[in-house]
Amino acid sequence: MDFAFHGSARDLAMVRFDDRLAEALEAAGHTRVRLTPRGGGADVVFAHIGPECGPPYQRPDPTVLVVGLLRVPRPVEDLGEFAYGCLVRSVSDLLITVTGPEDTPETWVAGLDRPLERIAAQAWSRRHFALLLERLQPLLGAHLAMDNIFDRDLDEGLLDGGSAVEELRRAAAALADQGALPEGYPVRDVVGSKDASQLERLARARSISYGDLSARQDELRFWMTTSGVDWRRIEVVGRDVELVKGYDPQSRALLISVPPGVRPRRTSPDALGHLLIYRQEPRVGAIMHLHAWLSTVERVVPDYPRGSVERARSLADTVRTAADPVHAVVGIERHGILVTGEGPDEIVQRLRGAEITPVPPPAGGAPVTGRR
């Protein structure tokens, strides 16, 4: 993986941080390069963020991954909310925040769909940067597959979604009654209006939903909730739930059938993972991904970036090698669980009575440890 830095470190602590991070990356086999005059030439860009959390680094193409670098030398009232706002405003895939004095700083990592996490190791130690690289590893060299190609070719008999969509609605309601549903929450409840507008444009959604629901329609197609939908309000086909019919590897885009007259939303970033599971496991009839954790999880996979080919393949491979792929429970490290089943109702029955702990909103500032 080729990486580069963009912008300037704002104090000696960040100069030192850049040097130590670059050393750790190069020791791990990655190559530091210089950006071209137009900002290209690297797979991952570590972009320094100014005190106003912007302006964002202009990606030469959407496949470039951006890690924001934010220096906060003095305490802020709510670090979680502040960091999340900077993550959004800087249009970063991940944000590294370095806080406190130069000799004993703390390093925090945050993403759009995960809580703020502190690197629990002594400042400037090899252990500190080894742990940081562990958090970065799933991002390094990842290949995003988040584009959608919408075709207005939805079968006339499926304009209302049919029985599969009704099962998804019923399952979502049952999970909500159980208290196991990590609800979507409005973006504007977490960040200010300026940041929210930016995030809404990027995610094509006005809320962050905490998970994905899908159900098989036939051998090749399946229904899936769209990005940001409130699970309690799965109403309009093509807006809240969509029929995924395939994947174009050349453009890394999901192929979606939508009805006429509806403005479609982006499907979930995890749609490719669901597609691979349905194709390899003909008896799987539904998949649920919850931003929550179970006390007992069968398998745990790395937390690759949402929407990446690597995450999709890792999930599908882990399900395939499970003792019972049709009834698997897979943990995504520091993120949540994915459950396969014969259908939405069957999954809900299996989860009934289980100890499910929702992952808190990403703006929560408490340090995260262990697997979430």
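The values are calculated or read from the model by the stated rules, or taken from the named source; none is laboratory data. Computed from a prediction, not measured in an experiment: that's the story for all the values here. Because the Cβ atoms are built from the backbone with ideal geometry, glycine has one as well, and the counts that use them run over all protein chains shown.
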Inset, instruction - Output yes when any residue across region 302-319 is assigned to a strand (DSSP E or B), modelled with pLDDT under 75 and touching a strand residue (DSSP E or B) at 6+ places or on another chain (Cβ under 6 Å), and no when none is. - result: no
Inset, instruction - Mind counting the residues in region 228-245 that are buried (at least 23 other Cβ atoms within 10 Å of the Cβ) and in contact with a helix residue (DSSP H, G or I) (Cβ under 7 Å, 6 or more places away or on another chain)? - result: 5
Inset, instruction - Inspect all residues belonging to region 105-127 and state whether any of them is over 23 Å from residue 16 (Cα atoms) and in a loop (DSSP other than H, G, I, E, B). - result: yes
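Just name the residue that is surrounded by the most Cβ atoms within 10 Å (Cβ to Cβ) out of those in region 21-32 that are more than 15 Å from residue 105 (Cα to Cα) and among the aliphatic types (A, V, I, L, M). Spell out the reasoning first.
As a first pass, look at region 21-32 and keep what is more than 15 Å from residue 105 (Cα to Cα): 22-32.
With the extra rule that they be among the aliphatic types (A, V, I, L, M), the set shrinks to 22, 24-25, 27-28.
On the way: 22: 16, 24: 17, 25: 21, 27: 12, 28: 14.
The qualifying residue surrounded by the most Cβ atoms within 10 Å (Cβ to Cβ) is 25.
Going by the conditions given, is residue 257 of a type in the set (S, T, N, Q), at negative phi and modelled with pLDDT of 90 or more?
On the way: of a type in the set (S, T, N, Q): yes; at negative phi: yes; modelled with pLDDT of 90 or more: yes.
Criteria met by residue 257.
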Inset, instruction - From the list 65, 154, pick out the single residue that is crowded, with 19+ Cβ neighbours inside 10 Å, within 19 Å of the chain's Cα centre (by Cα) and within 30 Å of residue 243 (Cα to Cα). - result: 65
Legend entry - Filter result (out of contact with any strand residue (DSSP E or B) (no Cβ under 9 Å at 6 or more places or on another chain) and without any contact (Cβ under 8 Å) to a residue 12 or more places away in the chain) within region 66-111: 77
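Quick one: is residue 252 of a type outside the set (A, V, I, L, M, F, W, C) and either surrounded by 16 or more Cβ atoms within 10 Å (Cβ to Cβ) or under 26 Å from residue 158 (Cβ atoms) (or both)? If you could, list the steps in order and put the result at the bottom.
Numbers: of a type outside the set (A, V, I, L, M, F, W, C): yes; either surrounded by 16 or more Cβ atoms within 10 Å (Cβ to Cβ) or under 26 Å from residue 158 (Cβ atoms) (or both): yes.
Considered against the rule, which asks whether it is of a type outside the set (A, V, I, L, M, F, W, C) and either surrounded by 16 or more Cβ atoms within 10 Å (Cβ to Cβ) or under 26 Å from residue 158 (Cβ atoms) (or both), residue 252 comes out as yes.
Just for region 116-129: of the residues that are of a type outside the set (D, E, K, R), out of contact with any Leu (no Cβ under 6 Å at 6 or more places or on another chain) and farther than 12 Å from residue 87 by Cβ, which one is surrounded by the most Cβ atoms within 10 Å (Cβ to Cβ)? Lay out the reasoning, then the answer.
To start, the set of residues in region 116-129 that are of a type outside the set (D, E, K, R) comprises 116, 119-125, 128-129.
Now restrict to residues that are out of contact with any Leu (no Cβ under 6 Å at 6 or more places or on another chain): 116, 120, 122-125, 128-129.
Remaining after also requiring farther than 12 Å from residue 87 by Cβ: 120, 122-125, 128-129.
On the way: 120: 13, 122: 10, 123: 17, 124: 16, 125: 11, 128: 19, 129: 22.
Going through the qualifying residues, I end up with 129.
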Legend entry - Only listed residue being of a type in the set (A, V, I, L, M) and within 20 Å of the chain's Cα centre (by Cα), chosen from 79, 70, 112: 112
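Residue-wise test of (1) touching a helix residue (DSSP H, G or I) at 6+ places or on another chain (Cβ under 6 Å); (2) assigned by TED's automatic domain parsing to the domain that holds residue 235.
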position: 97; (1), (2): yes, no
position: 127; (1), (2): no, no
position: 130; (1), (2): no, no
position: 152; (1), (2): no, yes
position: 159; (1), (2): no, yes
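Take region 8-20 and flag every residue that is surrounded by 15 or more Cβ atoms within 10 Å (Cβ to Cβ) and either out of contact with any strand residue (DSSP E or B) (no Cβ under 7 Å at 6 or more places or on another chain) or not in a helix (DSSP H, G or I) (or both). Don't jump to the end; show me each part of the working.
At the first step, the residues of region 8-20 found to be surrounded by 15 or more Cβ atoms within 10 Å (Cβ to Cβ) are 9-10, 13-14, 16-18, 20.
Correct list: 9, 10, 16, 20.
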Inset, instruction - Scan (1) under 30 Å from residue 252 (Cα atoms); (2) of a type in the set (A, V, I, L, M); (3) part of a strand (DSSP E or B) for the single condition residue 25 breaks and write down its number. - result: (3)
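Check whether at least one residue in region 328-345 is polar (S, T, N, Q) and closer than 26 Å to residue 136 by Cβ, and report yes or no. It would help to see each step written out before you state the result.
Of all residues in region 328-345, those polar (S, T, N, Q) come to 340.
Of the ones still in play, those that are also closer than 26 Å to residue 136 by Cβ are none.
Within region 328-345 (the criterion being polar (S, T, N, Q) and closer than 26 Å to residue 136 by Cβ), the answer is no, since none of the residues qualifies.
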Inset, instruction - Would you tally the residues in region 76-97 being surrounded by fewer than 21 Cβ atoms within 10 Å (Cβ to Cβ) and part of a strand (DSSP E or B)? - result: 0
Inset, instruction - Filter region 134-151 down to residues that are hydrophobic (A, V, I, L, M, F, W, C), buried (at least 17 other Cβ atoms within 10 Å of the Cβ) and at pLDDT 90 or above and give me whichever is farthest from residue 22 (Cα to Cα). - result: 150
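Quick one: in region 44-75, which of the residues that are outside any strand (DSSP E or B) and under 21 Å from residue 304 (Cβ atoms) is modelled with the lowest pLDDT?
As a first pass, look at region 44-75 and keep what is outside any strand (DSSP E or B): 50-64, 73-75.
From what's left, under 21 Å from residue 304 (Cβ atoms): 59, 61-64.
Working: 59: 84, 61: 76, 62: 68, 63: 73, 64: 84.
This residue is 62.
How many of the residues in region 238-289 are outside any strand (DSSP E or B) and among the hydrophobic types (A, V, I, L, M, F, W, C)? Write out each step before concluding.
To start, the set of residues in region 238-289 that are outside any strand (DSSP E or B) comprises 238-240, 249-252, 258-266, 268-285.
Add one more test, that the residue is among the hydrophobic types (A, V, I, L, M, F, W, C), and what stays is 258, 262, 271-272, 275-277, 284.
Residues that pass the stated criteria total 8.
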Inset, instruction - Please name all residue pairs, on different chains or six or more residues apart, with Cβ atoms under 7 Å, provided the first residue is in region 326-351 and is assigned to a strand (DSSP E or B) and the second residue is polar (S, T, N, Q). - result: 330/318
Inset, instruction - Could you check residue 188 against (1) assigned to a loop (DSSP other than H, G, I, E, B); (2) surrounded by fewer than 18 Cβ atoms within 10 Å (Cβ to Cβ); (3) at pLDDT below 80 and say which number it fails? - result: (1)
